[in-house]
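No lab work stands behind these numbers, since they all come straight from the coordinates. All figures in this text were calculated on a predicted structure; none of them were measured in a lab. As a convention, Cβ positions derive from the backbone with ideal geometry for all residues, glycine included, and neighbour counts pool all protein chains shown.
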Number of protein chains: 2
Amino acid sequence: MDEALGTAQRLFHERGYDAVGVAAITQALGINPPSFYAAFGSKAELFDKVLERYAQCALPIDRLLAPGRPPVEALGDLLETAARAYVADPRESGCLVLESARAGGDPQSAAKAQAVKCESRERVRSFVAQTHPGQADLIADYSVSAMSGLSAGAREGWTEERLVAVARMAGQAIAAVLA
Amino acid sequence: MDEALGTAQRLFHERGYDAVGVAAITQALGINPPSFYAAFGSKAELFDKVLERYAQCALPIDRLLAPGRPPVEALGDLLETAARAYVADPRESGCLVLESARAGGDPQSAAKAQAVKCESRERVRSFVAQTHPGQADLIADYSVSAMSGLSAGAREGWTEERLVAVARMAGQAIAAVLA
DNA sequence: GGATTATTGTAGTGACTGCTAAAATAAATT
DNA sequence: AATTTATTTTAGCAGTCACTACAATAATCC
């Protein structure tokens, strides 16, 4: 079951929600459409489960943003780790959540992705608020925006060096603000 | 004719290339499908012309990146101007080029958008290379990535204050690198 | 083993897509 | 005014989409 979610995740990540038809999913899973709908309900429901699964195993946010860790170091690490993850597998470039959140196709899938995105933003905001409450919102916005930019670069095919260099540079702005 | 391109641009910008059918375009233009194909060739060709039109009138890059202007000031101005433009009309949020470049739907439209995107990146790179040749590539990558992040925020519905604050913060990284 | 239940495979639903052939109308030329 | 040319309208083509009714198969239980 979780294996099926994994293959579906790979498909969605590679081609995007709208470009993946249920025919491609059922074929990759080795089942037929009726079995698919009996198991997952619908394509949208499957995507919801895939997104939640991805949000948990894509980045170790709890470890990166561990309470008490110096914010500048932690957030810089977050950006660089994200950059490396976004290009780790060229067939699954970028962030599935961030890319799905801005896809214009199905509004339901985009809404779900945005919900997960906001959740992650809140993680960053509450982490920063522990030490710099006055700048927590700005830093959270900036971090999400920077990661979205990194995801776009990854999806365009940038190398790990290019992306990590941009991520490190983005981290300097955080250092400047929190100094 | 240019008026027709304008309305088509508005449609594509609001809903994205794939979500806009030729039926919506012909209806907005008050013509029928055959007239549409006689005038524009195809939906993809129309989108190409729309993209080129947009690239010219979206941002005054020539003025912002005028040769001789201090790079830190010019690039910071570019980011902030982009942020304001991305939220100027809530129905046309974000950057049409950047958003279309990462859309997973039609590969032809995405390829064209990426070509325009690379063109803009080159404008930034050559501008920076005049004063800081060693960091031109990094700055160009960073600028495009930051603008892509701003476009994502705009598309999510961020207010102008939020987006401009993030843009200013992004500019600090450029100042730090070019110092 | 025979009857019932659950699962799977086949085939197809209606609604949409970009796009176009031919019919009906308007315009222009002789 | 009559004929030819250009343009618009109607109608529909072939394809794909998410999704499902029904039939054939496999598994379970008495």
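Could you state, as a whole-number percent, how many of the C-alpha pairs of chain A are farther apart than 25 Å? Can you show the working numbers first?
Values: 5747 of 15931 pairs.
Tail of P(r) above 25 Å: 36 percent of Cα pairs.
Can you tell me the length gained on complete extension of the stretch B:ALA24 to B:TYR37, counting 0.36 nm per residue apart and subtracting the Cα distance?
Extending this stretch completely gives an extra 3.3 nm.
With a/c under 1.5 counting as rounded, go ahead and sort the range B:76-179 into rounded, prolate or oblate using the C-alpha gyration tensor (a ≥ b ≥ c being the square roots of the eigenvalues; past the cut-off, prolate if a/b is larger than b/c, else oblate).
Working: a/c = 2.55, a/b = 1.19, b/c = 2.14.
Oblate shape, in that a/c is at least 1.5 and b/c is the bigger or equal ratio.
Name the residue, out of A:VAL164, A:VAL144, A:VAL22, whose mean-square fluctuation peaks in a Gaussian network model built on chain A with Cα pairs under 10 Å.
For chain A, modelled as a Gaussian network with Cα springs under 10 Å, the answer is A:VAL22.
Can you compute the FRET efficiency between B:CYS118 and B:GLU45 using 1/(1 + (r/R0)^6), with r the Cβ-Cβ distance and R0 = 25 Å? Round to the nearest 0.05.
With a Förster radius of 25 Å, E is 0.80.
About its Cα centre, how strong a charge dipole does the protein assembly as shown have in debye, to the nearest 20, once Lys and Arg get +1 and Asp and Glu get -1 at the Cβ?
Taking the Cα centre of the protein assembly as shown as origin, the dipole is about 80 debye.
For the pairs A:LYS43/A:LYS117; B:LYS43/B:LYS112; A:LYS117/B:LYS117; A:LYS49/A:LYS117; A:LYS43/B:LYS43, flag any whose C-alpha to C-alpha distance is greater than 22 Å.
Listed pairs above 22 Å: A:LYS117/B:LYS117; A:LYS43/B:LYS43.
Which one of B:LEU78, B:LEU138, B:LEU65 has the biggest mean-square fluctuation once chain B is modelled by GNM with Cα springs under 10 Å?
B:LEU138
Sort the protein assembly as shown into rounded, prolate or oblate with this rule: let a ≥ b ≥ c be the square roots of the eigenvalues of the Cα gyration tensor; rounded if a/c is under 1.5, and if a/c is not under 1.5, prolate when a/b is larger than b/c, oblate otherwise.
Details: a/c = 1.90, a/b = 1.08, b/c = 1.76.
Oblate is the answer for the protein assembly as shown, as a/c is 1.5 or above yet b/c matches or exceeds a/b.
Defining a contact as two alpha carbons under 8 Å apart and six or more residues distant in sequence, what relative contact order in percent does chain A show? Please list the in-between numbers first.
Details: 188 pairs, mean separation 45.0, N = 179.
The value is 25 percent.
Along Cα-to-Cβ, 7 Å out, sits the label point; list in nm, shortest first, how far the one on B:ALA176 is from those in the other copies.
0.8
Mind telling me which of B:ASP48, B:ASP77, B:ASP89 comes out most flexible in a GNM of chain B, alpha-carbon contacts under 10 Å?
Maximum among the listed residues: B:ASP89.
Would you mind listing the distances between the B:GLY134 label point and the same position in each other copy? Use 7 Å along Cα-to-C-beta, nm, one decimal, shortest first.
Inter-copy label distances (nm, one decimal, shortest first): 3.6.
What 222 nm value per residue comes from the helices of chain B, counting each DSSP H run with n ≥ 4 as -39,500 (n - 2.57) and dividing by all residues, nearest 500 deg cm²/dmol? Present the calculation step by step, with values, prior to reporting the outcome.
On the way: 10 runs with 134 residues, N = 179.
Only helices count here, giving -24000 deg cm²/dmol.
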